1. Whole Å is fine, so just give me how far the alpha carbon centre of region 75-109 lies from that of region 10-55.
2. Just the number please: accessible area per residue for the chain, 1.4 Å probe, all protein chains included, in Å².
3. For the chain, give the percent of accessible area contributed by carbon and sulfur heavy atoms, probe 1.4 Å, rounded to a whole number.
4. For Ser13 paired with Ile32, estimate the spin-label separation in nm (one decimal), with each label point 7 Å from Cα along the Cα-to-Cβ line.
5. Could you pull out the chymotrypsin sites (Phe, Trp or Tyr not before Pro) across region 39-97 that fall in loop regions by DSSP (anything but H, G, I, E, B) with no more than 15 other Cβ atoms inside 10 Å?
Amino acid sequence: MNTNTQTIQGILSIAALLCLIVGFFNLFSPEINDFLYHRVFYVLIGASFFFQAPTLTNKNFLYPMYAAAALCIIGAFLPPDSKFISIKTIGLFAGVILSIFNRPRPVRR
């Protein structure tokens with residue numbers, strides 16, 4: 001994995017986590033909390049999935065990871081009353097599942 005890609009992905013993940021914490025604990029006004037918790041978080045996670053996709057060891061997961069990233073980012077820009085708003089959550093879960101199944105298997109002796 002490229003060091004620059006790891007750095008970018010790490011920064012995006014930490015920023016997403018901060019958005020999640022700020023939104024959960026309502027540290028700012030309701031408008032800012034909503035923006036961070038329901039929009040910026042999903043954009044950052046989607047970007048993180050986008051940078052993670054080329055580094056996957058199983059290349060069969062490459063395009064599904066890009067799709068998960070796209071669902072997160074597109075879903076973040078949908079209006080809150082849209083019937084398709086759940087695609088951002090689907091993208092989040094898909095990306096997390098793909099990340100988990102991509103972990104290297106420990107070598108048993």
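1. That distance is 14 Å.
2. For the chain, the per-residue accessible area is 67 Å².
3. 70
4. With each label point 7 Å from Cα toward Cβ, the separation is 2.8 nm.
5. Here the chymotrypsin sites (Phe, Trp or Tyr not before Pro) that fit, given the DSSP loop and packing criteria, are Phe77, Phe84.
The values are calculated or read from the model by the stated rules, or taken from the named source; none is laboratory data. Remember, predicted model here, so these are calculated numbers, not experimental data. Virtual Cβ from ideal backbone geometry, glycine too; neighbours counted across all protein chains shown. Just the protein is used for accessible areas: all its heavy atoms, side chains included, with ligands, DNA and RNA removed. Shrake-Rupley method; radii C 1.70, N 1.55, O 1.52, S 1.80 Å.
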